[in-house]
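The values are calculated or read from the model by the stated rules, or taken from the named source; none is laboratory data. All values reported here derive from a predicted model rather than from experimental measurement. Because the Cβ atoms are built from the backbone with ideal geometry, glycine has one as well, and the counts that use them run over all protein chains shown.
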Amino acid sequence: MGWKFTNTAFNDLFAGLTEDYIILAPKRFVNRGRFSDTDLIRYDEVKKSDDIIWKEKSTFSPKEAVFPVTQTLFYFTEEAFREPQPEEKQYLVFLRPCDINGIRRPDTINLKNGPEPDSYYANLRKRVRFVMIECTESFDNCFCVSMKSNITSDYDMAVRLTDDKVLLEIKNDDFLRYIRSDIPKIEFRPEFVLENKIKVNVPEVDEMPAGVYEHEMWNEYKSRCIACGRCNTTCVTCTCHTTNDIFYDDNSLAGERRRTWASCHVDGFTDMAGGISFRKDNGSRMRFKVLHKIYDYRKRFGEHMCVGCGRCDDNCPEYISYSGCINTLNKVIRETVS
Amino acid sequence: MNKNPLIPKPHKIIGINRETDLESTFRIEMDTAPVMGQFYMVSIPRIGEMPISISGIGQGWIDMTIRNVGKVSQAVHFLDMESTLFLRGPYGNGFCLEEFKGQHLVIAAGGSGIAPVRPIVEYYYNNQHEIDKLDLLFGFKTPDAIMFGKDIKRWKERFKTILTVDDACGIWDGECVGLITGYVKDIKLSEYDRMDVIIIGPPVMIKFTAAEFIKRGVSEERIIVSMERRMSCGLGKCGHCKIGEHYICLDGPVFRYNDAFKMID
Amino acid sequence: MTLDVNTKAVVKNAYRITKHRGKTALRIRIPGGYLKAKHFDLLKEIAEVYGDGIVHLTTRQGFEISGIDYSSIPKVNSLINPLLQDLEIDIGVIIKDTSNGYPSAGTRNIAACIGNRVCPFANYNTTALAQRIEKEIYPNDYHVKVALTGCPNDCIKSRMNDFGIVGMVEPQYDYQRCIGCEACVKNCKSNVTGALSLHKGKVKRDARRCIGCGECILKCPTAAWTRNPVKFYDILIMGRTGKKNPRIAEEFIQWADEDVVIKVIKNTYRFIDEHIDKTLPKEHIGYIVDRTGYQVFRDKALEDIKLNPEARIAKNIQWGGFRYSSDVFMSDKLQ
Ligand code: HEM
Ligand code: SF4
Ligand code: SF4
Ligand code: SF4
Ligand code: SF4
Ligand code: SF4
Ligand code: FES
């Protein structure tokens, strides 16, 4: 079922929704971009529908909505532990098909990998609803079609945002009560991007030939990659994190255990006490990341990790093309196999 | 609220035994028995967490041998008897002793790698009938670095035991000097599927010792290794321990070598 | 006919008295070094038809066209009208008679690095500010050199100028977003001033050490550091080259906002009015300040200015610089 809103009417719908939900969407932070006189676009709370940035891709992904950059696990005083107050807020996240498919990866890791789900993730995740932003034309660097993540049905509502009107589909009947009776009903089913400018040939091998790990194709990244970690922090599917304890400056007996995002490209990721570490050169970190995205993860969970959102390529300061690297890898594998 | 596996539980330290200048064994009250080869996430709140494998299992206690090399382990070494350590776990797969029933078992351990195999040796010391034969091959850097010296002496009475040091430092009166790899040839092998070899130690030691055994005809499936990696969550979430499609904290730390050698960092 | 040239008028008109009798050279002003490529046709025409076919690139981002007959001055002045229009009038400079060339040459071209139109380090649009300052201070006969640079790298070498305006940004920190990767800390330590340190997995910034370069913002992989959208400037004063005590400029006001920059520069012209030694041909601003002392200059430069709250003013300035002295040589004999 669908509805057609004027922009004003859609803003009114927002007003109703914000009574029950915190709405998270790509938002513009004017003049807060990396370079001066540029803007930063990232997920944050929006109060008005006009604040949703839908003509540009956000630098950071919506995984922030389900997986905070910093999360306190518990507070401690001497021998007592206290978990943060359970939050009750409901969230409505505006995101694109690739990102909806992308969030299935943090879901898998946090809820299904290992014997026990992560309770912090589970508690937040169950309070998150999705509004799909229809994508009819892809951005630079997108290759969702190659990753088969251009289509999804896993959303509660879907919107087509245009300059003068908004079309809305509701799949979850809970949201019907927010629709005013004077809003005209129409037939609306969102469309999906069926072709991207960037095409990636993902190698579909069951066993990675051993030669690939040692292949010289990784060597160029030893000097090109600066191990900054942007490809991981902007990626919707990266879930690595590190747990640390801190104590408070003015009371060293009280403190907290918390976790923050981590990146397999950044120094220290594999450091063990005693000085042993692995993947010291950035070329092997590139190999590790790329194989995780398009080989290891699929071996374990049956689908590729990468959803082709292209943010890693958008944001690498060294112009390292991850999608280009997959194409190279595919060639290398075919040469190695034949 | 879901149950939260990240909250550690307090456990009392009921024994401290200094092994070397760097390592001490802490006996910790524990009412459930873990599987040998598993590990716990041990923490002192405000300092942090670290993965520690089990170096002994008894009625109502476990041993953990901790090397004083990091922030948390250093803090643990300042603790006294009766103080509290916080633990969550046990994690990982551990060794399956069923598989060794009636087998010829060889254990090759380098340095602090001896800690996780100590409960196995101890078990067979008390249950010798469960195994055909047990050979021990232990290597340490220097005589000062030898751990569980008394245990080793005792084990020697029942099992063939080779104890070597890389560098005698002029104070070593044992028979063997040199890298552990050099003594692999002194182990008498049994038929292919009658024997298993456990190799534990630093990554380089594992690699070269395994190579020696393979050179002598032991097949990769009969070699078992335990892999140490950076761990943060122990629950398959944080990604630090991942190699290939495996999470060491879930699928390991114990692997058959035919799987392990394919896991490239 | 014998030449009869009013050299003072010619010089004021941006022409030079050259070593070749009968020939002059014209300096084209290019505020901020920002020149549309289309003007090259005109420069070429003037150089080839009225000059000796050569265009010299000046150190202050202008062009000097040499070998022009003094008699050609009126013709050349009418030809450069489109340059005056585009580079001066259109940015707001008031020139009453645009057919007679440049109305003055005392206040030098405002030089600028390429700024944030192109450079990732730049903290502001140097072109736009150069044009705004040009509008405020040109035409003027007083000898003042202003240079703008986007960040403390100072690619334009603004420290060699009477006014060096260096772009500053206040990095603002989002504690939640920081992953403690230390990219910002390591970079500030090795490339800047070491204003950042890691404290319990997060970053602390020592505001007294921070020079506002913004490199931490460039390095941060999570946008934990972002820019304060308000732009700030470091005003460096009284640097100079020259025969008498060349020296680099020193910090006068840190974290000044744009209005303060403009007002300080304008007040400086009033200071010159009051204190210039009129017996000299044209005393440079730096030497005037040397005579009056910093405090007198400071009070005039800040007159009637409401400083933004972030601004910090130098208590005192000790310019060092170079003094020619024969004492440094081993012998008095010239060899
Ligand atoms: C990141 C900042 C800087 C950049 C990007 C930069 C860039 C350049 C470039 C492109 C040139 C060649 C100019 C030409 O041929 O016309 C140049 C020349 C020069 N630069 Fe820099 N520069 C920077 C900072 C500095 C600094 C801080 C100094 C000294 C304090 C400096 C001193 C010089 C000198 C002495 C020359 C040679 C001039 C000549 O040979 O004509 N530069 N610079
Ligand atoms: S690896 Fe790159 S393209 Fe793939 S999901 Fe992550 S950021 Fe997007
Ligand atoms: S290992 Fe690297 S690529 Fe894989 S999830 Fe972690 S940070 Fe991302
Ligand atoms: S963004 Fe580019 S330079 Fe940075 S870690 Fe990733 S591949 Fe390396
Ligand atoms: S702005 Fe520059 S000086 Fe200030 S903290 Fe950042 S890197 Fe350091
Ligand atoms: S670069 Fe950013 S994420 Fe890394 S330590 Fe600095 S503020 Fe934190
Ligand atoms: S230790 Fe966190 S995933 Fe294994």
Across the range C:208-243, the tally of residues that are assigned to a loop (DSSP other than H, G, I, E, B) and at pLDDT 95 or above stands at 17
Does C:GLY239 satisfy the criteria of being of a type in the set (Gly, Ala, Ser), more than 16 Å from ligand 2 (Cβ to nearest atom) and closer than 23 Å to C:ILE156 by Cβ? yes
Note on the range A:315-329: residues within 17 Å of C:LYS219 (Cβ to Cβ) and more than 16 Å from ligand 5 (Cβ to nearest atom) are A:ASN315, A:CYS316, A:GLU318, A:TYR319, A:ILE320
Taking the range C:236-294 and keeping only residues that are of a type in the set (Gly, Ala, Ser) and crowded, with 16+ Cβ neighbours inside 10 Å, one is left with C:GLY239, C:ALA249, C:ALA256, C:GLY286
Of the residues in the range C:118-136, those that are in contact with a Lys or Arg (Cβ under 7 Å, 6 or more places away or on another chain) and either touching a residue at least 60 places away in the same chain (Cβ under 8 Å) or surrounded by fewer than 19 Cβ atoms within 10 Å (Cβ to Cβ) (or both) number 4
Considering the range B:224-244, residues that are among the aliphatic types (A, V, I, L, M) and out of contact with any Asp or Glu (no Cβ under 8 Å at 6 or more places or on another chain), and then whichever is nearest to A:GLN71 (Cα to Cα), we arrive at B:MET231
Among helices (runs of 4 or more DSSP H) entirely inside the range B:161-265, those with 2 or more residues being more than 14 Å from chain A (Cβ to nearest Cβ) and surrounded by 23 or more Cβ atoms within 10 Å (Cβ to Cβ) are B:203-215
Note: among C:VAL260, C:VAL185, just one is under 30 Å from A:GLN71 (Cα atoms), in contact with a Leu (Cβ under 7 Å, 6 or more places away or on another chain), of a type in the set (A, V, I, L, M) and not in a loop (DSSP other than H, G, I, E, B), namely C:VAL185
Screening C:LEU218, C:LEU307, C:LEU280, C:LEU302 for residues that are at negative phi, free of Cβ contacts under 8 Å to residues at least 12 places away in the same chain and not hydroxyl-bearing (Ser, Thr, Tyr) leaves only C:LEU280
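Counting only residues that are part of a strand (DSSP E or B) and without any contact (Cβ under 8 Å) to a residue 40 or more places away in the chain, which one in the range B:23-49 is nearest to the other protein chains (Cβ to nearest Cβ)?
B:GLY48
For the range C:285-326, how many residues are outside any helix (DSSP H, G or I) and either closer than 21 Å to C:ILE253 by Cα or in contact with a helix residue (DSSP H, G or I) (Cβ under 6 Å, 6 or more places away or on another chain) (or both)?
Final tally of qualifying residues: 21.
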Filtering helices (runs of 4 or more DSSP H) wholly in the range A:54-126 for at least 1 residues that are β-branched (Val, Ile, Thr) gives A:63-66, A:97-107
Expected single match for away from chain B (no Cβ under 14 Å), in a loop (DSSP other than H, G, I, E, B), more than 15 Å from the chain's Cα centre (by Cα) and in contact (Cβ under 8 Å) with a residue 40 or more places away in the chain among A:SER153, A:SER146 is A:SER146
Filter the range C:153-178 for residues that are more than 12 Å from chain A (Cβ to nearest Cβ), outside any helix (DSSP H, G or I) and surrounded by 21 or more Cβ atoms within 10 Å (Cβ to Cβ); the one that is farthest from ligand 6 (Cβ to nearest atom) is C:ASP162
Looking across the range A:195-240 at residues that are within 16 Å of ligand 3 (Cβ to nearest atom) and assigned to a helix (DSSP H, G or I), the single one that is surrounded by the fewest Cβ atoms within 10 Å (Cβ to Cβ) is A:TYR213
In the range A:125-151, anything surrounded by fewer than 20 Cβ atoms within 10 Å (Cβ to Cβ) and under 30 Å from A:PRO86 (Cβ atoms) is listed as A:ARG125, A:LYS126, A:ARG127, A:VAL128, A:ARG129
Condition set out of contact with any Asp or Glu (no Cβ under 8 Å at 6 or more places or on another chain) and more than 10 Å from chain A (Cβ to nearest Cβ), scope the range C:179-193, selection surrounded by the most Cβ atoms within 10 Å (Cβ to Cβ): answer is C:VAL185
Quick count over the range A:73-93, residues being within 10 Å of another protein chain (Cβ to nearest Cβ) and within 29 Å of the chain's Cα centre (by Cα), is 5
Pairs returned, first residue in the range A:12-39 that is in the same structural domain as A:LEU124 (by TED's automatic domain parsing) and more than 20 Å from A:PRO62 (Cβ to Cβ), second residue that is among the aromatic types (Phe, Trp, Tyr) and assigned to a helix (DSSP H, G or I), beta-carbon separation under 7 angstrom, 6 or more apart or interchain, are A:LEU13/A:TYR178; A:GLY16/A:TYR178
The strands (runs of 3 or more DSSP E) lying entirely within the range C:13-89 that contain at least 2 residues which are closer than 28 Å to C:GLY115 by Cβ and not assigned by TED's automatic domain parsing to the domain that holds C:VAL146 are C:23-28, C:55-57, C:63-69
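One line per residue, one yes/no per condition, for (1) surrounded by fewer than 19 Cβ atoms within 10 Å (Cβ to Cβ); (2) part of a loop (DSSP other than H, G, I, E, B); (3) modelled with pLDDT of 95 or more; (4) more than 16 Å from ligand 7 (Cβ to nearest atom):
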position: A:SER252; (1), (2), (3), (4): yes, no, no, yes
position: A:ARG257; (1), (2), (3), (4): no, no, yes, no
position: A:GLY275; (1), (2), (3), (4): yes, yes, no, yes
position: A:ARG285; (1), (2), (3), (4): no, no, yes, yes
position: A:PHE288; (1), (2), (3), (4): no, no, yes, no
position: A:LEU291; (1), (2), (3), (4): no, no, yes, yes
If we keep only residues of the range C:137-152 that are without any contact (Cβ under 8 Å) to a residue 60 or more places away in the chain and within 14 Å of chain A (Cβ to nearest Cβ), then the residue nearest to the chain's Cα centre (by Cα) is C:THR149
Only one of (1) out of contact with any strand residue (DSSP E or B) (no Cβ under 9 Å at 6 or more places or on another chain); (2) within 23 Å of A:ASN113 (Cα to Cα) does not apply to A:LYS280, and that is (2)
For the range B:182-201 the number of residues that are modelled with pLDDT of 90 or more and closer than 28 Å to A:SER277 by Cα is 5
If you go through B:PHE148, B:PHE159, the only one that is under 23 Å from B:ARG67 (Cα atoms) and in contact (Cβ under 8 Å) with a residue 12 or more places away in the chain is B:PHE148
Here the qualifying pairs (Cβ atoms under 6 Å; residues six or more apart or on different chains; first in the range A:299-318 and farther than 11 Å from A:THR59 by Cα and within 14 Å of chain B (Cβ to nearest Cβ); second hydroxyl-bearing (Ser, Thr, Tyr) and away from ligand 5 (no atom under 16 Å from the Cβ)) come out as A:PHE301/A:THR108; A:MET305/A:THR237; A:MET305/A:TYR297
